[in-house]
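A quick write-up on the structure given underneath.
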Amino acid sequence: MKAKPKLYQCPECGLHYRDIAATKKCQAWCTKYKSCNLEIAKLSGEAKAHKRLTKLKAN
């Protein structure tokens, strides 16, 4: 059984990231602009899961 990778959560918006650097970028953006940055958000676990599901549904 595969071990689940450690995920870090942005305390501002709640998105999850595999690395702390992306999490900190997300938090800084969210705090400063009170919004999400799509370039940062596309690195999130939620975005990657959505992409996998969309790909599965297309087949």
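The values are calculated or read from the model by the stated rules, or taken from the named source; none is laboratory data. Computed from a prediction, not measured in an experiment: that's the story for all the values here. Ideal geometry is used to build each Cβ from the backbone, glycine not excepted, and the neighbour counts take in all protein chains shown.
The combined condition, being small (Gly, Ala, Ser), surrounded by fewer than 12 Cβ atoms within 10 Å (Cβ to Cβ) and either touching a Cys at 6+ places or on another chain (Cβ under 7 Å) or at pLDDT 95 or above (or both), is not fulfilled by Ser44.
Just wondering, is there one or more residues in region 28-36 that are closer than 26 Å to Ala3 by Cβ and surrounded by fewer than 17 Cβ atoms within 10 Å (Cβ to Cβ)? No, region 28-36 contains no residue that is closer than 26 Å to Ala3 by Cβ and surrounded by fewer than 17 Cβ atoms within 10 Å (Cβ to Cβ). The condition (being of a type in the set (Ser, Thr, Tyr) and in contact (Cβ under 8 Å) with a residue 24 or more places away in the chain) is satisfied by just one residue among Tyr8, Tyr17: Tyr17. Once region 3-24 is narrowed to residues that are of a type in the set (Lys, Arg) and farther than 16 Å from Ala47 by Cα, the residue that is surrounded by the most Cβ atoms within 10 Å (Cβ to Cβ) is Lys24.
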